[in-house]
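Taking it in order: structure first as structure tokens, then the write-up.
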Amino acid sequence: MSERAAPFFCPYCGDEDLRPNEQGHGAWECAACSRAFQLKFLGLLAPATSSDTSGGEET
Ligand SMILES: [Zn+2]
């Protein structure tokens, strides 16, 4: 099982008629507005820690 991020709505027209595009992983095309787009995983967000800048790293 690969990690796929499946969009639920087209980011351009909001339609739900999305289908995978042959461009590659994360590529989708919208049948409603005929747009192809690609989702890109940018990375994980930094863990939400308290912004304590005093330099104390507690483990
Ligand atoms: Zn669309």
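Only the coordinates and a few stated rules stand behind these numbers; no lab work does. Small disclaimer: the values here were computed from a predicted structure and weren't measured. For neighbour counting, all protein chains shown are included, and Cβ atoms are generated from backbone atoms with ideal geometry for every residue, glycine included.
Amide H to amide H distances under 5 Å link Trp28 with Asn21, Phe37, Gln38, Leu39, where only residues 5 or more positions off or on other chains count and H is placed in the peptide plane. Each of Ala46, Gln23, Ala36 was scored by the projection of its Cα onto the charge dipole of the stretch 1-48, and the greatest displacement toward the positive side belongs to Ala46; charges sit on the C-beta of Lys, Arg, Asp and Glu.
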